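Take a look at the structure below.
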Amino acid sequence: MTTYAMWIIITGCLVGFTCGISGSILVLRKMAMIADAISHTVLLGIVLAFFVTQSISGFPMLIGALVIGLFTAIFIEMLHRTGIPSDAAIGVVFTSLFALGVVLISFIGNQVHLDVKHALMGEITFVPWNPLTIAGVNYGPVAVWMLSIVCILNIVMIIIFYRPIKISTFDPAYAKLIGIPVGFIHYLLMSMVSLSTVASFDSVGAILVVAMLIVPGATAYLLSERFLLVIVLSGLIGILSAISGYLVASFWNVSIAGAMATMTGVFFLLAYLFSPKQGVLVKKMQHKKSKVRVS
Amino acid sequence: MITEWMTLLESPNFRWVMIGSLLLGFSSGAIGCFVYLRKQSLISDGMAHATLPGVAFMYILFQNKSLPVLLIGATVTSLLATSFIQMIIKQTKLKTDAAIGVILSVFFGFGILLLSYIQQNMSGNQAGIDSFIFGQAASIVKNDVYTIGVVSLFVLLLTVIFFREFHYTTFDFTFSKGIGIPVKWINGLLFSLLVAVIVIGIQMVGVVLIVALLITPALAARYWTDSLGKMTVISGTFGAISGLIGTISSSVIQDLPTGPMIVLTASVLFFISLLFGFTKGLVVRRLVR
Amino acid sequence: MLALSVHNLSVQYQQQKVLENVHFQVPKGSITGIIGPNGAGKSTLMKAILGLVPITEGKVDVLEQPFTQQMDLIGYVPQRSEVDWDFPINALDVVLMGRYKHFKRFRPISKQEKDLAMTFLKEIGMETYANRQISQLSGGQQQRVFLARALAQNTPIYFMDEPFAGVDAATEKMMIQLMKQWKNDGKTVIIVHHDLQTVQEYFDHVLLLNKKTIGCGKTRDVFHPQNIERTYGGSLTFPPSIAGNSL
């Protein structure tokens, strides 16, 4: 394997793992569509960061995305409080902010390599060509560094706040009662999702981010009932989807992000059919067995 | 600038596109009221995203950009996605939002995969296929406007005919059954109209944002009235205004994508309504208090 | 004559049995209470009878005819929690729904129909609220509006899903009076009910339900401690309202 291919696979795996672990928690909290919304709206954050700094560089982008990501969550919550059903609130907020981002991009599109298609599909093939060089020494792609930092940050946050996250996910009312800062945990998770999204965005685009946030988490939830196991499994499924997606993409010469997203779907389908406890086919077989026993 | 406007308005193709965007906006705004009130916003977003692989697949199969052919593919994958979502909700412990999220992202991702296959492996004029993602009014020709216009009018006609049934089943399903409304048929009809609007809207607004043309005008209209009849008309009007302004601005200013401009217009209308709507606007509520 | 007779009705969600071989009869001109703990399948039973939930097994007769579901025989008052109170609809529009079969397609609702709907609102003392959006009414007023809709519908049988929940004492009294009047007119009222204290006062017949029929018949014959305990499975020492709140 060439180093070129290696960097792409590493990037994909980091995206899969980072999004997988943070996304799975949102799936368990029944907030999958908020993850979807945030992964769209961070585009606006990136564009705004560009307007302020006039360049596309890692750090301002992270800040911009973080701000807009949190803003999205707060905004949805605010509209919901005025009496709008939450599904409509999510729909209005994410389409408004995303449309604004896309329109702004089209004004600056000629100045930088940021364009609408890029935002959607990413340019994972460019990742290896954008290395971090300090004093002339090549330290590997910038994207890999950024993803690694966010990934470690996610892991550290999950470890530190593991119990509060778990309890507030399982039973928010009870968590509040025993003094867990439920609101803080909520926005901490929103921040993690925003950061994961923006770190992944540049290389794989919005589609794959959404897929990696939601699908591995949902798959893992079908395979296990234990909180920690769901998170870990979700991360691993993210990695598996990335690797197999890359292979599919290079074999048929198609979009890498598209292929990785498709592979998350394949793993989901497998779990849907064959999960030991939840699988649809497995349940059917058990049902037949029990019927035979009765008669 | 003014001369640009004049030449634009004189272009017959543009006039057609304007009529198309007007009709599409009105019909989706009207149907959107029911989508909003039945809390189906996110599922229609999933349905919209799921049209992409259908469009791409039909193009690969027939190497033909004729709109009706592509839209048949869009309808099929969109329906497929809906039934998958329902299957997941029914048969697993996953809840609605996760089920929608899974299907939405996987179908869309697969659509992108197919689009990239088209770009890599197929010759011929494929320009305009990826305009389905964000919508491009410029890619619409007179024949497409016929399709969009006829379907929109048909949707509006059926909405008028069955308005009472849509109204009653949306408000109180069980009661509607009791008074003899064929509720399953009415549900199916309303759902078909929703699919129709989504499918004809993707070329102009794009699969990513078409859901906004359904729910944002409806949500905005809710702030002006407490009557469903009036709400439907206001919502349709908001949708039509959004469609028109979005199409015109994206044609006058170069590089401006149509779909996001339509959606942005609708969003502005929504925020104005949220603040100043007569019946529920935040300012009015403050004053009353 | 029997208003409703249900034979061996079973309902299944996936592999879970929600109702199992439920059988009961409701005589015409009675007020029947369906009593049982949370999750006993009371609302499901109503929906199954109306054909909104697929029946795995069993048969439903309405007025001693096989129920074809298209007939306009059953009026329905929904559970409060199932109503979208923010829906853009006012009190008069809700009542008008009950006159659906008299409307003509393509024509606006006639003045005559509107006047008629107003008389129903007047009957339950709500005529001044006709143009109020339904969320701007109190709990009792909201329930009155749905009752007026049932009046407008004028069916021989009424289903009501917990009609007294969230309702003030005056409205509850008025509702009971109205139902007794219906009963005297030969109509049948079937009510899903929660409050065990009022069962003997309100209902002449009861169905005790917990997935299966525990008891069915005249209230004084069936509603005794032994049956109640079988229905609630000994959980009566922790009334469901309290047990539910401990989380």
(message) Accessible area per residue for chain A in Å², computed with a 1.4 Å probe and the full protein assembly in place, what is it?
(response) 42 Å²
(request) Compute the convex hull volume of the Cα atoms of the range C:85-154, divide it by the residue count, and report the result per residue in Å³ as a whole number. (result) 82 Å³
(message) Which of the three applies to the range B:137-289, rounded, prolate or oblate, going by the alpha-carbon gyration tensor with a ≥ b ≥ c and a/c under 1.5 meaning rounded?
(response) oblate
(message) If I stretch the segment between residue C:106 and residue C:82 completely, what's the gain in nm (0.36 nm per residue apart, minus their alpha carbon distance), one decimal?
(response) 5.7 nm
(message) Please list, in order along the range C:144-149, the HN-Hα scalar couplings obtained from phi with the Karplus expression 6.51 cos²θ - 1.76 cosθ + 1.60 (θ = phi - 60°), rounded to whole Hz, x for Gly and Pro.
(response) 4, 4, 5, 5, 4, 5
(message) What distance in nm lies between label points placed 7 Å from Cα along the C-beta direction at residue B:120 and residue C:2?
(response) 6.8 nm
(message) Can you order the peptides A:43-49, B:215-221 by their average number of other Cβ atoms within 10 Å per residue, highest first?
(response) B:215-221, A:43-49
(request) For residue A:132, enumerate residues with amide H under 5 Å from its amide H, sequence gap 5+ or separate chain, H modeled in the peptide plane. (result) A:139, A:140, A:142
(request) Using a cut-off of under 20 Å, list every residue of the range C:97-115 whose amide N is near the label point 7 Å from the Cα of residue C:185 along the Cα-to-beta-carbon line. (result) C:97-103, C:112-115
(message) Suppose only helical runs count, i.e. DSSP H with n ≥ 4. What mean residue ellipticity at 222 nm does that imply for chain A under -39500 (n - 2.57) per run, divided by all residues and rounded to the nearest 500 deg cm²/dmol?
(response) -27500 deg cm²/dmol
(message) I need the calculated FRET efficiency for the pair residue B:60 and residue A:236, taking r as the beta carbon distance and R₀ as 25 Å, to the nearest 0.05.
(response) 0.15
(message) For a quick check: with amide H placed at 1.01 Å from N, whose amide H comes under 5 Å from residue C:158's, ignoring anything fewer than 5 positions away on the same chain?
(response) C:75, C:188, C:189, C:190
(message) Nearest 100 Å² is fine: what is the total accessible surface buried where chains A and B meet, probe 1.4 Å?
(response) 4600 Å²
(request) Find the accessible area per residue for the range C:129-189; the probe is 1.4 Å, ligands and nucleic acids are left out, and the unit is Å². (result) 35 Å²
(request) Arrange the peptides B:231-240, A:59-68 so that the one whose residues have, on average, the most other Cβ atoms within 10 Å appears first. (result) B:231-240, A:59-68
(message) Suppose we flag trypsin sites (Lys or Arg not before Pro) only when DSSP calls them loop and at most 13 other Cβ atoms lie within 10 Å. Which is the longest uninterrupted stretch of chain C?
(response) C:106-247
(request) Work out the mean other chain Cβ neighbour count within 10 Å for the residues of B:209-216 and drop it here as an integer. (result) 5
(request) Please list, in chain and number order, the residues 5+ apart from residue C:209 or on another chain whose amide H is under 5 Å from its amide H, with Hs placed from the backbone. (result) C:35, C:36, C:214
(request) Using label points projected 7 Å from each Cα along Cα→Cβ, tell me how many nm separate residue B:15 and residue B:80, to one decimal. (result) 4.2 nm
(message) Given a 1.4 angstrom probe, what's the average accessible area per residue across chain B, in square angstrom?
(response) 37 Å²
(request) Please work out how much length the chain gains when fully extended from residue C:116 to residue C:221, using 0.36 nm per residue of separation minus the C-alpha to C-alpha distance, in nm with one decimal. (result) 33.7 nm
(request) Take the range B:161-207, compute every pairwise Cα distance, and split them into 10 Å bins from 0; I just need the percent in each bin. (result) 27, 41, 22, 10, 1
(message) Pairs of alpha-carbon atoms within less than 8 angstrom and 6+ residues apart define the contacts here; what relative contact order does chain A have, in percent?
(response) 30 percent
(message) If I compute solvent accessible area with a 1.4 Å probe over the protein chains, what percent of it on the range B:2-283 is carbon and sulfur?
(response) 72 percent
(message) Give me a comma-separated list of calculated 3J(HN,Hα) values for the range C:207-215, in order, Karplus coefficients 6.51, -1.76, 1.60 applied at θ = phi - 60°, integers in Hz, x for any Gly or Pro.
(response) 10, 8, 10, 9, 6, 10, 6, 8, x
(request) Report relative contact order for chain C in percent, whole number only (criteria: Cα-Cα under 8 Å, sequence separation at least 6). (result) 28 percent
(message) To check my understanding: the extent here is largest minus smallest coordinate of the Cα atoms along each principal axis. What are those three numbers for the protein assembly as shown, in Å, largest first?
(response) 94, 66, 55
(message) Please compute the average number of Cβ atoms from other chains found within 10 Å of each residue's Cβ in peptide A:217-230.
(response) 2
(request) First measure r as the distance between the Cβ atoms of residue A:284 and residue A:229, then evaluate 1/(1 + (r/R0)^6) with R0 = 22 Å and state the FRET efficiency to the nearest 0.05. (result) 0.35
(message) At a threshold of 8 angstrom on Cα-Cα distance, excluding pairs fewer than six apart, so keeping six or more, what relative contact order does the range B:2-283 reach in percent?
(response) 31 percent
(request) Report, as an integer, the average count of C-beta atoms from other chains found within 10 Å of each Cβ along A:201-211. (result) 4
(message) Using a 1.4 Å probe on the protein heavy atoms, what percent of the accessible area of chain C belongs to carbon and sulfur?
(response) 49 percent
(message) Run the simple label-point estimate for residue A:108 and residue B:185 please: 7 Å along Cα→C-beta, distance reported in nm.
(response) 5.6 nm
(message) Translational diffusion coefficient of chain B at 10 °C, 1.306 mPa s, Stokes-Einstein with Kirkwood Rh over Cα pairs, in µm²/s as a whole number.
(response) 81 µm²/s
(request) Would you please give the FRET efficiency between residue A:80 and residue C:38, computed as 1/(1 + (r/R0)^6) with r the Cβ-Cβ distance and R0 = 35 Å, to the nearest 0.05? (result) 0.80
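The values are calculated or read from the model by the stated rules, or taken from the named source; none is laboratory data. Everything numeric here is computed off the predicted structure, so don't read it as measured data. Glycine also receives a Cβ, built like all others from the backbone with ideal geometry; neighbour counts cover every protein chain displayed. Ligands, DNA and RNA are excluded from the accessible area calculation, which covers all protein heavy atoms including side chains. Shrake-Rupley method; radii C 1.70, N 1.55, O 1.52, S 1.80 Å.
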